[in-house]
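Enquirer: My structure is below; once you've seen it, I'll send some questions.
What follows draws every value from the coordinates through simple rules; no lab data is involved. The model shown is predicted, which means the values in this text are computed figures rather than measured ones. Here the Cβ is made from the backbone with ideal geometry for all residues, glycine too, and neighbour counts use every protein chain on show.
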Amino acid sequence: MMIIVMICFFFPGLYRCRLGDVVEVASFHNGIPKLNFVCRRKLILTVNIDKNTEKDLQLVVERGSHILNKASRAELIDFTSYADVSNQPGHYVIYWEIKGEVEDNVLGACCNEMDKSFADHGYVVSRKTNSIGPLELCVLESGTFKKILDNFIANGAALSQFKTPRCTNNHVILKILNTCTTKKFRSTAYNSSMEQ
């Protein structure tokens, strides 16, 4: 493990790695491991007893974007998320920047699919008992993630060091995201199980 951490810090191109990041050795070149970034170890999306990692979130977004790609010519450009606990019950908010036009019913289906796709037992139980509220999908105007990048650069960050956070509670980022939200959708995936 120590060798992997040292490689992350010394070889150009892997400067985004932080101490504690989870990486996997994909192959070797001249005895030097080639690494694939897996996720940030401590990045957890949580509201109640649920614990979802960046990898869990990535799989959920892939499931939702699969519906997007099948039902329209639009494509997902970038995404991030936020665990909103400002109201009870708290809920997950996923922000999508999309290229192309998409009908609202397709976006609603994407939202439902993502809500159903979180496999963490704590999340599923909490959704069924309404301890976690319905997932919210916020569609962003074009160029929103560029605005976030520009903000970081304006505050002294290097362009080569920036990586879109997959989960955030940074109030500056959230302000940009909420200002640039054009549509919102709430999941209805667990409505029938709540009525039973």
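Enquirer: What's the FRET efficiency of VAL172 with GLU62 using the Cβ-Cβ distance as r and R₀ = 30 Å, to the nearest 0.05?
Expert: Once the sixth-power term is evaluated, E becomes 0.60.
Enquirer: Quick one: Cα centre-to-centre distance for region 118-179 and region 89-111, in angstrom?
Expert: 13 Å
Enquirer: Then there is this: Which of the trypsin sites (Lys or Arg not before Pro) found in region 110-196 are in a DSSP loop and have at most 14 neighbouring Cβ atoms, other than their own, within 10 Å?
Expert: For trypsin sites (Lys or Arg not before Pro) across region 110-196 that sit outside H, G, I, E and B with at most 14 neighbouring Cβ atoms in 10 Å, the list reads LYS163.
Enquirer: Follow-up. Kindly flag which residue pairs out of LYS51/LYS147; LYS116/LYS175; LYS51/LYS116 have an alpha-carbon separation exceeding 21 Å in this structure.
Expert: LYS51/LYS147; LYS116/LYS175
Enquirer: Which entries of LYS99/LYS183; LYS55/LYS99; LYS99/LYS184; LYS55/LYS183 have Cα-Cα distances beyond 18 Å here?
Expert: From the list (LYS99/LYS183; LYS55/LYS99; LYS99/LYS184; LYS55/LYS183), the Cα-Cα distance tops 18 Å for LYS55/LYS99; LYS55/LYS183.
Enquirer: To continue, here is another question. If the chain between LYS128 and GLU24 were fully stretched, how many nm would it gain, using 0.36 nm times the residue separation less the Cα-Cα distance?
Expert: Difference between extended and current length: 34.0 nm.
Enquirer: Spin-label point model (7 Å from Cα, Cβ direction): what's the SER86 to HIS121 distance in nm?
Expert: Between SER86 and HIS121, the label points sit 3.4 nm apart.
Enquirer: Please go through region 92-196 and write out the GluC sites (Glu not before Pro) that DSSP classes as loop and that have at most 15 other C-beta atoms within 10 Å.
Expert: GLU101, GLU103, GLU141
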